[in-house]
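Worksheet for the structure shown next.
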4 protein chains.
Amino acid sequence: MKLVVPVTVRWGDLDAYGHVNNAAMLVLLEEVRVAVFWHGHHLPAGESATLDRDESATFVAHQEIEYLAPLGYPRAPIPVSMWISRLGGASAEVCYEVPTLDGGVAARARTTIVMVNATTGRPRRLTDDERALWSRFMDEPVQFRRGN
Amino acid sequence: MKLVVPVTVRWGDLDAYGHVNNAAMLVLLEEVRVAVFWHGHHLPAGESATLDRDESATFVAHQEIEYLAPLGYPRAPIPVSMWISRLGGASAEVCYEVPTLDGGVAARARTTIVMVNATTGRPRRLTDDERALWSRFMDEPVQFRRGN
Amino acid sequence: MKLVVPVTVRWGDLDAYGHVNNAAMLVLLEEVRVAVFWHGHHLPAGESATLDRDESATFVAHQEIEYLAPLGYPRAPIPVSMWISRLGGASAEVCYEVPTLDGGVAARARTTIVMVNATTGRPRRLTDDERALWSRFMDEPVQFRRGN
Amino acid sequence: MKLVVPVTVRWGDLDAYGHVNNAAMLVLLEEVRVAVFWHGHHLPAGESATLDRDESATFVAHQEIEYLAPLGYPRAPIPVSMWISRLGGASAEVCYEVPTLDGGVAARARTTIVMVNATTGRPRRLTDDERALWSRFMDEPVQFRRGN
């Protein structure tokens, strides 16, 4: 199951070409993760996020993103699809698809995040609760066009 | 040959963890590209950049980045290594290595850029001058730890 | 009448102190203006915004902002108050109050914007429709603590 | 005496109008303060900054900025003038003038910063060393065109 997370594009995310800047796109994806994992927004009814900033932090270990079409300035939040493609011992692979304004695909991306103990700064294992919740959003890894 | 491009980290690039934010890291890499390709800074003596914003634009088609260690706040510009790993008909693959403050590696990354005609918005072939200049900075593709 | 406009604070708006950065605060205020003036969000029932990006642009001529208390990271959009304190021939003065997470005041600010013809880049007079709509949100100018 | 501090405008500081965004301008001013107060860059020969991030923090209490002309994209760092217009017990008023690319004035601004003890988070008095150094850059308060 893929989640659909509405994200607000800011005027300041546009660059001088009038498109969402390549780095700003990763800020949007970060906002998707924050909304779901930290705030528990946009989860199916009855589910809630379990991360607590006093106890845990997430570090980004790896990102890959393919920009397929420019993303112009939307007048409303855009619906970004998000899902999990892999759960490791202390890490998760998050995939996304960002739409264009006319229903095409602006970008596809994948982020590897590592769960960290907020006090020690060391990686820590996913809890059973996290694993149970996140397993509900498992889906196939995003496919990039380029052949690596 | 790899170029070494000093880049200024801004106070605002830090996140609440006190490290350069994952998306801000791509802004730093963009500044590396801009300095070299558009401004012709940090090129070997006698070389100059040939891109003209009235004629050309560069679009980012793909990026991959691996974060190996947090990058704290430096008191001076940090020396980012940059090189070209592939030249296509209308595209180039740019690789980078970003150091930590104590000489380790904070991040490795690769960006595929596409040359675009500023008027038509269509991809255009690299010119002979561009190809000649950029060939001087060819080196092996950056190696990521993860096995994809 | 003051409008109340919910604004999403991004994780990346925080600085290394864990507070919304001083410049990021102005980005939030820009998002408030955009939501109201350009998108027509959060207007009273029956009202709609009349600005059209093909015809008009707004330039920021002046800003003053007082930071009264740090703004931490909210788990939901924060309700920013916005109102108009003056309508000139081609300009408007917009005032704001940004709350803290516990109901105090994080910042008060005032922005002077100038309406510009998007084609000529020259200031243009407010239309009767704009003047009628914006007059509904007139209120007393924001008061700053410092005595200038 | 006014200091002149070269500041790098980033490609990402531009908005879709092709000008430095109004909030990004405050980021540039923050970089000016950081360079001088924290890093001790661009000081007269023999002078050094005395602020230590382990001991002190600076909070921004108030800012006023007037945008006089759009700032386009420069190919080199721009020379921002910076000086002190007032030293209080625990605070300082910093003034700036930001040039346009053709030698005009893009913006004038003034920031009130408060010195804070990094451990307690409480304001602390300027030290004699700080007062002695900063007094060397005292000059008349920046004049804004508007009459408040």
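The values are calculated or read from the model by the stated rules, or taken from the named source; none is laboratory data. The structure presented is a predicted model; accordingly, all values stated were derived computationally and were not measured. Glycine gets a Cβ as well: all are built from the backbone with ideal geometry, and neighbour counts include every protein chain shown.
Evaluate the stretch C:40-47: report whether one residue or more is crowded, with 21+ Cβ neighbours inside 10 Å and either in contact with a Pro (Cβ under 9 Å, 6 or more places away or on another chain) or aromatic (Phe, Trp, Tyr) (or both). No, the stretch C:40-47 has no match at all.
Has the stretch D:6-26 got any residue that is in contact with a Ser or Thr (Cβ under 7 Å, 6 or more places away or on another chain), over 27 Å from C:Gln143 (Cα atoms) and among the polar types (S, T, N, Q)? Yes, the conditions are met somewhere in the stretch D:6-26. Evaluation of B:Ser85 against the conditions (1) closer than 29 Å to A:Ser91 by Cα; (2) surrounded by fewer than 21 Cβ atoms within 10 Å (Cβ to Cβ); (3) touching a Cys at 6+ places or on another chain (Cβ under 6 Å) shows that the sole unmet condition is (1).
For (1) in a loop (DSSP other than H, G, I, E, B); (2) at pLDDT 95 or above; (3) more than 14 Å from chain C (Cβ to nearest Cβ), each residue gets a yes or a no:
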{"position": "D:Gly103", "(1), (2), (3)": "yes, no, yes"}
{"position": "D:Ala106", "(1), (2), (3)": "no, yes, no"}
{"position": "D:Ala109", "(1), (2), (3)": "no, yes, no"}
{"position": "D:Thr112", "(1), (2), (3)": "no, yes, no"}
{"position": "D:Thr119", "(1), (2), (3)": "yes, no, no"}
{"position": "D:Arg125", "(1), (2), (3)": "yes, yes, yes"}
{"position": "D:Arg131", "(1), (2), (3)": "no, no, yes"}
{"position": "D:Trp134", "(1), (2), (3)": "no, no, yes"}
{"position": "D:Arg146", "(1), (2), (3)": "yes, no, no"}
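Residues that are hydroxyl-bearing (Ser, Thr, Tyr) and assigned to a strand (DSSP E or B) were ranked within the stretch A:91-101; the one that is farthest from A:Ala132 (Cα to Cα) is A:Tyr96. Taken as a whole, the structure leaves B:Leu29 outside the set of residues that are at negative phi, surrounded by fewer than 21 Cβ atoms within 10 Å (Cβ to Cβ) and at pLDDT 95 or above. Would you please name the residue that is farthest from B:Asp128 (Cα to Cα), looking only at residues in the stretch B:60-82 that are of a type outside the set (Val, Ile, Thr) and buried (at least 19 other Cβ atoms within 10 Å of the Cβ)? Selected residue: B:Leu71.
Scanning the stretch C:21-47 for residues that are part of a loop (DSSP other than H, G, I, E, B), under 17 Å from the mean Cα position of the chain (by Cα) and more than 8 Å from every other protein chain (Cβ to nearest Cβ) yields a count of 5.
Being surrounded by fewer than 18 Cβ atoms within 10 Å (Cβ to Cβ), of a type outside the set (D, E, K, R) and in contact with a His (Cβ under 6 Å, 6 or more places away or on another chain): is that true of A:Pro6 here? So A:Pro6 fails the test. Does the stretch C:1-20 include one or more residues that are among the polar types (S, T, N, Q) and within 11 Å of chain D (Cβ to nearest Cβ)? Scanning the stretch C:1-20 turns up no residue that is among the polar types (S, T, N, Q) and within 11 Å of chain D (Cβ to nearest Cβ). Only one entry in A:Val80, A:Val60 is of a type in the set (Val, Ile, Thr), within 14 Å of chain B (Cβ to nearest Cβ) and in contact with a strand residue (DSSP E or B) (Cβ under 6 Å, 6 or more places away or on another chain), namely A:Val60.
Considering (1) without any contact (Cβ under 8 Å) to a residue 40 or more places away in the chain; (2) touching a Ser or Thr at 6+ places or on another chain (Cβ under 8 Å); (3) closer than 30 Å to D:Leu14 by Cβ; (4) not charged (D, E, K, R), the lone condition that A:Ser91 does not fulfil carries the number (3). Would you pick out the residues in the stretch A:55-90 that are of a type in the set (A, V, I, L, M, F, W, C) and either within 12 Å of the chain's Cα centre (by Cα) or not in a strand (DSSP E or B) (or both)? Answer for the stretch A:55-90, where residues must be of a type in the set (A, V, I, L, M, F, W, C) and either within 12 Å of the chain's Cα centre (by Cα) or not in a strand (DSSP E or B) (or both): A:Val60, A:Ile65, A:Leu68, A:Ala69, A:Leu71, A:Ala76, A:Val80, A:Met82, A:Trp83, A:Ile84, A:Ala90.
Go through the stretch B:58-83 residue by residue and tally those that are modelled with pLDDT under 95 and polar (S, T, N, Q). Result for the stretch B:58-83: 1.
Being at pLDDT 95 or above and either among the small types (Gly, Ala, Ser) or out of contact with any strand residue (DSSP E or B) (no Cβ under 6 Å at 6 or more places or on another chain) (or both): is that true of B:Leu3 here?
no
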